[in-house]
Every structure is written in structure tokens, then in C-alpha cells.
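> Structure provided below as C-alpha cells; questions to follow.
Values quoted throughout were computed directly from the atomic coordinates according to the rules given, and no laboratory measurement underlies them. Predicted model only: the values in this text are computed from it and were never measured. Backbone-built Cβ (ideal geometry, glycine too); neighbour counts: all protein chains shown.
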Amino acid sequence: MKPTIIALLGKPLAGKDTVARCLRNFDAGLATISIGEVLREVKAVGQDHRFWPLFKDAITIADAGGIVPDEPIFRCFTRLVTEHLDAGKETVIWIGGPRSDQQLDWLDRWTRACGYEEKFMYVDVPDDIVFERVEQRKSHKRTDDQAVEYRLAEFERVTKPVVDRLRDQGRLHEINGTGGKEHVGTKAVELLFPGVREPEIRLPSRARR
């Protein structure tokens, strides 16, 4: 069986993390990678983090309002994928990537060169549901409306063309992310693992992303 990379796309607060955890809980052979999570860890830990040399300049750029360059993202992603596969995992989920046409082109070239299989899933939610989830989050943590609006605009500008391209190519699995966690997780498993009937989904407790 070829190692598989599952790219999990969606707007902010679409439920990508929820879907990823449902898939991972369904199959212990899955691992997840979130470059955003890695960047937050690097920023919090600082120079002692193993990826500090890779991302220190990128963090400075991001803090100034710029876009993190692709090169450190690719290097981090490939290193983490290799580590997961060496540890015995068979499938790696890239949460939130590829974010741009350039990243998709790179992923296609890299997986082809490595002999890996690719799968793409899009968790679809309308903007009004995103803002409903923003309001729900405000009850227990700080959420910046302007930041979410900016991220939605960036998704439309940069990432939606990736979704449209994959859809046009017939490579995209799509699920409605507006249902309950159990329903959404079940649909994701059924789409990515055809033939599975009524998969048992253990619900994650953390909030959507």
C-alpha cells in the first residue's frame, strides 16, 4: 500500500481539525500535520524549538503582516511526513494545505517523485456559519472578528482557486461541514475510505478550526 497524503481544505472555523481528529481516531495509521500549529509552537518556545532555525525569519514576516514563504513550509512538511512514515504511519493529513496554486503544484510534484498517493477533501461551510462559530468561541476565548474576516478574504483570494481547480479536475472529495461533529466525521470517513459502513467515530472535544 502506498503512503497517502490527505490534504484537508476549508475556510477558517470550517471544522478541519475536527474532521482530522475523527479520521485519526477511526484509523490509528493516520497522522496529522498543521503548519499553523507548528508556527504557533515555534513562536511560543523560541530558540529552543527544533524548527526555530527554519521559521525564525518567517515568524518575523508574519508578525509584520506578511505571508509566510513556501520554502520553510515545504521543508517542515516533508520532514514531518518522513518522521511519521518512519514511525509506521501509513497516511498523513495536511490540515489546511495546500493553501495556494503554487503549493498544490509543489505537492503534486513531490508526491509523484516519492511515489505517494494524494487525496483532497474540502469541508464546506457558508460564511454565516463561520461567524456563528466565532460568536460561540467568544463565550470561552478571545476571537477577533477582523482577523476572521481577513482570513476569509484570504481564503477567497488564495485558496478557493485551489478548491475550484481540484473540483474541475475531479480530484476533490467534498463534505458539508454544517452538521453535527459525528455526522461530519462519519461522512469524511465514508468518502475517504469507500466500503466502510457506519464507521464508529469517537468525537473530539476541542473546538472547530
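> Being in a helix (DSSP H, G or I) and either in contact (Cβ under 8 Å) with a residue 40 or more places away in the chain or closer than 21 Å to F193 by Cβ (or both) is the filter here; which residues of segment 85-115 pass it? Spell out the reasoning first.
First, pick out the residues of segment 85-115 that are in a helix (DSSP H, G or I): 85-86, 101-114.
Result: L85, D101, Q103, L104, L107, T111, C114.
> Scan segment 19-36 for residues that are outside any helix (DSSP H, G or I) and within 18 Å of W94 (Cβ to Cβ) and report the count. If you could, list the steps in order and put the result at the bottom.
From segment 19-36, those outside any helix (DSSP H, G or I) are 27-34; that's our starting set.
Those still in the list that are within 18 Å of W94 (Cβ to Cβ) too: 27, 29-34.
Of the residues in that region, 7 qualify.
> Considering only residues that are part of a helix (DSSP H, G or I) and surrounded by fewer than 14 Cβ atoms within 10 Å (Cβ to Cβ), which ones fall in segment 37-60? Steps first, please.
The initial filter retains those residues of segment 37-60 that are part of a helix (DSSP H, G or I), namely 37-48, 52-60.
Scanning segment 37-60 gives R40, A44, V45, G46, Q47, D48, P53, D57, T60.
> Hey, another quick one. Between A14, A62, A31, A58, which is in contact with a His (Cβ under 6 Å, 6 or more places away or on another chain), within 23 Å of L107 (Cα to Cα) and in contact (Cβ under 8 Å) with a residue 12 or more places away in the chain?
Numbers: A14 fails: in contact with a His (Cβ under 6 Å, 6 or more places away or on another chain); A62 fails: in contact with a His (Cβ under 6 Å, 6 or more places away or on another chain); A58 fails: in contact with a His (Cβ under 6 Å, 6 or more places away or on another chain).
Result of the check over A14, A62, A31, A58: A31.
> If you don't mind, another one. Restricting to segment 15-44, give me the number of residues that are of a type in the set (S, T, Y), touching a helix residue (DSSP H, G or I) at 6+ places or on another chain (Cβ under 6 Å) and farther than 15 Å from E182 by Cβ. Steps first, please.
To start, the set of residues in segment 15-44 that are of a type in the set (S, T, Y) comprises 18, 32, 34.
Subsequent filtering for residues that are touching a helix residue (DSSP H, G or I) at 6+ places or on another chain (Cβ under 6 Å) retains 18, 32.
From what is left, the residues that are farther than 15 Å from E182 by Cβ are 32.
Of the residues in that region, 1 qualify.
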